[in-house]
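One structure is given below, encoded as structure tokens.
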């Protein structure tokens with residue numbers, strides 16, 4: 001008898017799916033929620049994501065003086081991080097929003113145009129695991145609430161390291177493990193009982209929200225993800241919890 005080849009699997013929320021199928025499933029989720037993505041983050045974080053993004057960019061601390069500085073915001077879809085960055089930097093600071101979802105990029109491009117930043121922010125479709133940019137192209141790489149939707153974290157981190165210049169900085173903002181008693185139980189109830197119902201009421205479909213909640217639970221804990229960043233070649237790796245660990249900011253440098 002000939003052994004049947006085993007199909008490599010990975011998680012899609014709490015389900016196990018073939019690795020080759022996962023990206024398509026994730027793309028379907030974001031095609032459905034693109035127009036309501038920022039509202040979705042409001043639902044999932046109780047509006048706190050706006051404060052977290054403010055803290056995230058404050059920690060990145062891009063130069064406020066008008067000098068060349070290039071940011072790559074991966075999985076940046078609707079442009080929230082890139083627009084905040086553009087507003088706090090000079091005219092010589094530019095950004096590229098890279099997202100695998102054309103639907104998300106359409107929303108981002110519209111927001112960039114409406115804000116008057118089309119000369120400084122470019123939207124490019126691309127996969128975090130195989131970025132369409134040359135080596136050492138960027139001063140900073142950010143990814144906010146996007147890395148848990150990547151199929152292979154190690155590939156995405158290796159690509160982040162590749163496209164950064166020497167002295168460049170990697171930063172990630174992601175939902176994480178709550179480390180405060182009582183708050184963890186409240187957040188668990190909110191995640192699994194409130195968010196999907198709100199998704200059905202607001203968007204008419206609870207399944208995308210159910211996946212996104214489950215994907216948070218499957219994402220590595222803070223210390224484990226920091227170790228993955230180090231393994232990708234980054235140095236001076238550290239993280240900061242936000243709101244008791246509901247979210248965490250991770251930082252590393254290419255030295």
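Which one of 73, 38, 55, 28 is touching a helix residue (DSSP H, G or I) at 6+ places or on another chain (Cβ under 7 Å) and surrounded by fewer than 22 Cβ atoms within 10 Å (Cβ to Cβ)?
38
Quick grid of which residues meet (1) at pLDDT 95 or above; (2) surrounded by fewer than 20 Cβ atoms within 10 Å (Cβ to Cβ); (3) part of a helix (DSSP H, G or I):
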position: 113; (1), (2), (3): yes, yes, yes
position: 123; (1), (2), (3): yes, no, no
position: 140; (1), (2), (3): yes, no, no
position: 154; (1), (2), (3): yes, yes, yes
position: 157; (1), (2), (3): yes, no, yes
position: 168; (1), (2), (3): yes, no, no
position: 172; (1), (2), (3): yes, no, no
position: 178; (1), (2), (3): no, no, no
position: 212; (1), (2), (3): no, no, yes
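So which of 133, 117 ends up being in contact (Cβ under 8 Å) with a residue 12 or more places away in the chain, within 25 Å of residue 35 (Cβ to Cβ) and assigned to a loop (DSSP other than H, G, I, E, B)?
117
Could you figure out which of (1) modelled with pLDDT of 75 or more; (2) loosely packed, with under 15 Cβ neighbours inside 10 Å; (3) touching a helix residue (DSSP H, G or I) at 6+ places or on another chain (Cβ under 9 Å) isn't true of residue 7?
So residue 7 meets the others, but not (1).
In region 226-251, which residue that is outside any strand (DSSP E or B) and in contact with a strand residue (DSSP E or B) (Cβ under 6 Å, 6 or more places away or on another chain) is nearest to residue 184 (Cα to Cα)?
Looking at the filtered set, the residue picked out is 226.
Residue 142 versus (1) more than 17 Å from the chain's Cα centre (by Cα); (2) closer than 22 Å to residue 52 by Cα: which is the lone unmet condition?
The failed condition is (1).
Having 2 or more residues that are modelled with pLDDT under 95 and either farther than 17 Å from residue 168 by Cα or in contact with a strand residue (DSSP E or B) (Cβ under 8 Å, 6 or more places away or on another chain) (or both) is the bar; report the strands (runs of 3 or more DSSP E) wholly within region 15-101 that clear it.
15-18
Do we have residue 107 as in contact with a helix residue (DSSP H, G or I) (Cβ under 6 Å, 6 or more places away or on another chain), at pLDDT 80 or above and more than 25 Å from residue 135 (Cβ to Cβ) here?
Yes, satisfied.
Given the conditions (1) farther than 18 Å from residue 30 by Cβ; (2) buried (at least 20 other Cβ atoms within 10 Å of the Cβ); (3) free of Cβ contacts under 8 Å to residues at least 40 places away in the same chain, which single one is not true for residue 96?
Single failed check for residue 96: (3).
The values are calculated or read from the model by the stated rules, or taken from the named source; none is laboratory data. As the structure is a prediction and not an experimental result, all values here were calculated from the model. Cβ: placed from backbone, ideal geometry, glycine included. Neighbour counts: every protein chain shown.
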